[in-house]
Amino acid sequence: MKRLRKINVIVALLLVAGTSIVCLSFRSGDDRSFQVAKNLDIFNSIVKELDMFYVDTIDPNKTIREGIDAMLYSLDPYTNYFPEEDQSELEQMVKNSYGGIGSVITWNDKLKRSVISEPYEGMPAAVAGLKVGDVLMEIDGQDLAGKDNQEVSQMLRGQVGTSFKLTVQRPGAKKPLTFDIVRRSIELPIIPYYTMLDNHVGYINLSTFSGQPAKEFKQAFLDLKKQGITSLVIDLRSNGGGLLDEAVEIANFFLPRGKTLVTTKGKIKQASNTYKTLREPIDLDIPLAVLTSSATASAAEILAGSLQDLDRAVIVGTRTFGKGLVQTTRPLPYGAQMKLTTSKYYIPSGRCVQAIDYAHRNADGSVGRIPDSLTTVFHTAAGREVRDGGGVTPDIQVEQEKLPNILYYLVADNLIFDYATDYCLEHATIPAAEQFAVTDADYAEFKEKVKKADFKYDQQSEKLLKSLKEMAEFEGYLDDASTEFESLEKKLTHNLDRDLDHFAKDIKKMIAVEIIKRYYYQRGSIIQQLKDDADLKEAVKVLGDSVRYKEILSVAAQPAAGDK
């Protein structure tokens, strides 16, 4: 009832404000202000009419929230509304922290319950003794059956210092287990792993630009310098960005003081700024390689793009996401906030990496990437050609290995997850992450579990053949080609044994990652994935070849953009 009165008060205030704006617009003759006021008035009237006359009682919070979300999404995916009760999500984006237990949870469709899938090292979930595979049963006596991951996640989060009882069913245990857990401020790992590789090559995995990544990056880099590194790989793959200032600060470690790295341009003066390197660098000479992927975005693209534009690092991997938009937060009534896009950013060459033009949508409302043919050529400090409008294109593009279709279904059906859970019940310890490997005996055991699970999966070749056969019949070619189709059908018959053996290498890799992270957390899974990493191999290779490194960063090296 209080919420309903609150909505009515808001509506009344907006109506008064709308009337004032209308009067002002008539005086000034500003048609745009009139249109804003007119539509606000219409929206308020719709809410009142629905509240008074709709056949069922509406939930004003839900109805208006959906209207707000739809309105903001029509602008771009990054402009969002956060009511007072959802501030933890916004806080996590900005500060890289939240109050909770520090664990990823996943949904088990067969059990219709959430399951612990990855506790963070040193956080309450891991300290209390929760393990991957634990099925979440109750929180303070409240049954969690049927509640989705989002609902359970909200219940697990809360004010720092508060406690609750969590009951789980552990695979292999006869009775449920209950844990007393105290929530604390959870900071996601900013640099989950760094090391010195062979040939004195340093490696730093930087996962986010939220929180204080510059401080942690500096500590890791100085530690590696003490160990004797002579070159450095910065891994920005899957780094979705964060704070612009932090990207500038990290770039400053390798660039001279006074360099303009980013310029933002918005509608109002306050949204337009210039960001320069303000401090003396740590190392201007160490050779750098930056790893990027299609999930490298925002502030991560600022760091990669700035180092490329100033010819300070060789970019290796795949083209980045292409997010050249800057968001800021604005306070709203009743403790709410809005994160909205206020400007675009431009890196040293003058280009903006934004890949999607949300201002120009298709007739159906969809948007697409800006085609390469419509992008503009810019130049790095040395004169190398780079382009805007599509993310950061690596200097050395590495063809990414395509994962087999069967692997997707093995993961989706939790067969790899469940096998790793059983494996951990039978093995109290495993070798160090660097030495661990899934043996042939382990894989044979996995295959037997898959077969017993009556595993089914779609083969794309069978689907395509069926479609081709239907089209051939429609066009009258099936009778003449029936022999060929029968031959193909025999060769493409679903054969689980064959597929499990044929794709054993890829499946083993995924099993190893799932097992290792249960003993050595995120750090261990990164170590496993780096064992056979095409991007890293290429980066180490170019850093070990000073002639090629310098050629790539010079004007004469334009063909190197397609290097593999």
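With the Cα gyration tensor of segment 313-442 giving a ≥ b ≥ c as the square roots of its eigenvalues, does the rule (a/c under 1.5 for rounded; else a/b larger than b/c for prolate; else oblate) give rounded, prolate or oblate? Prolate shape, in that a/c is at least 1.5 and a/b is the bigger ratio. Under the rule of -39500 (n - 2.57) per DSSP H run of 4 or more residues, summed and divided by the residues of the chain, what mean residue ellipticity at 222 nm is obtained, to the nearest 500 deg cm²/dmol? The helix-only estimate for the chain comes to -13000 deg cm²/dmol at 222 nm.
Computing volume of the Cα convex hull per residue in Å³ directly from the structure and comparing it against (1) 153; (2) 173; (3) 237 singles out (3). For the chain, the solvent-accessible area of protein heavy atoms averages 54 Å² per residue (probe radius 1.4 Å; ligands and nucleic acids excluded). Pairs with C-alpha atoms separated by more than 23 Å, drawn from the list Lys131/Lys449; Lys269/Lys344; Lys259/Lys344; Lys131/Lys402; Lys62/Lys95, are Lys131/Lys402; Lys62/Lys95. If you average the alpha carbon positions of segment 49-74 and of segment 360-433, how far apart do those two centres end up, in angstrom? Each part's Cα centre sits 37 Å from the other's. Around the amide H of Gly99, modelled in the peptide plane, lie the amide H atoms of Gly158, Ile186, all under 5 Å away and 5 or more residues distant in sequence or on another chain.
Restricting the trypsin sites (Lys or Arg not before Pro) of segment 268-312 to loop positions (DSSP other than H, G, I, E, B) with no more than 16 neighbouring Cβ atoms within 10 Å leaves Arg279. Taking the DSSP beta bridges with both ends in the chain, the antiparallel portion is around 75 percent.
Computed about its Cα centre, the charge dipole of the chain is approximately 2080 debye, with only Lys, Arg, Asp and Glu carrying charge at their Cβ. Taking the accessible area of the chain, probe 1.4 Å, and keeping the other protein chains in place, the carbon and sulfur fraction comes to 53%.
Ordering 392-402, 292-302, 168-178 by mean Cβ neighbour count within 10 Å, with the highest value first, yields 292-302, 392-402, 168-178. Scanning residues 5 or more positions from Tyr120 or on other chains, those with amide H under 5 Å from its amide H are Ser103, Val104, Ala126, with H placed 1.01 Å from N in the peptide plane. Candidates Tyr443, Ile105, Leu468 compared by Cα position along the dipole of the chain: farthest toward the positive end lies Ile105, with charges placed on Cβ. Does segment 159-224 come out rounded, prolate or oblate, given a ≥ b ≥ c as the square roots of the eigenvalues of its C-alpha gyration tensor, rounded meaning a/c under 1.5 and, failing that, prolate meaning a/b above b/c? In terms of gyration-tensor shape, oblate.
Amide H contacts for Ser293 (H built 1.01 Å from N in the peptide plane; partners 5 or more residues away or on another chain; cut-off under 5 Å): Ser238, Thr318.
Residue separation of Ala453 and Leu478 scaled by 0.36 nm, minus their Cα-Cα distance, works out to 5.3 nm of gained length. Whole-Hz Karplus values for segment 363-369 come out as 4, 8, x, 6, 10, x, 5 Hz, taken residue by residue from phi with 6.51 cos²θ - 1.76 cosθ + 1.60 and θ = phi - 60°; glycine and proline positions read x. Within the shell of other residues whose beta carbon sits under 10 angstrom from the beta carbon of Lys215, the net charge comes to -2, with Lys and Arg scored +1 and Asp and Glu -1. Among Asn149, Pro256, Leu177, flag the residue with its Cα farthest along the positive direction of the charge dipole of the chain, charges on Cβ as +1 for Lys/Arg and -1 for Asp/Glu. It is Pro256, whose Cα lies furthest towards the positive end.
Of Ile406, Leu188, Val316, which is farthest on the positive side of the dipole of the chain, counting Cα position, with +1 on Lys and Arg Cβ, -1 on Asp and Glu Cβ, and the Cα centre as origin? Final value for the positive-end residue is Leu188. Summary of packing: across the peptides 231-244, 31-44, the per-residue average of other C-beta atoms within 10 Å ranks them, highest first, as 231-244, 31-44.
For segment 108-181, the square roots a ≥ b ≥ c of the C-alpha gyration tensor eigenvalues yield an a/c under 1.5, which makes the shape rounded.
A simple packing score, the average count of other Cβ atoms within 10 Å per residue, orders the peptides 335-348, 534-547 as 335-348, 534-547, with the highest score first. A probe of 1.4 angstrom, applied to the heavy atoms of all protein chains, finds Tyr334 with accessible area near 110 square angstrom. In order along segment 534-539, the Karplus-derived 3J(HN,Hα) couplings, from 6.51 cos²θ - 1.76 cosθ + 1.60 at θ = phi - 60°, round to 5, 5, 5, 4, 5, 5 Hz, and Gly and Pro are given as x.
The values are calculated or read from the model by the stated rules, or taken from the named source; none is laboratory data. Bear in mind the structure is a predicted one, so any value in this text is a computation, not a measurement. Note that each Cβ is placed from the backbone with ideal geometry, even for glycine, and that neighbours are counted across all protein chains shown. Keep in mind that these areas ignore ligands, DNA and RNA; they rest on the heavy atoms of the full protein, side chains included. Shrake-Rupley method; radii C 1.70, N 1.55, O 1.52, S 1.80 Å.
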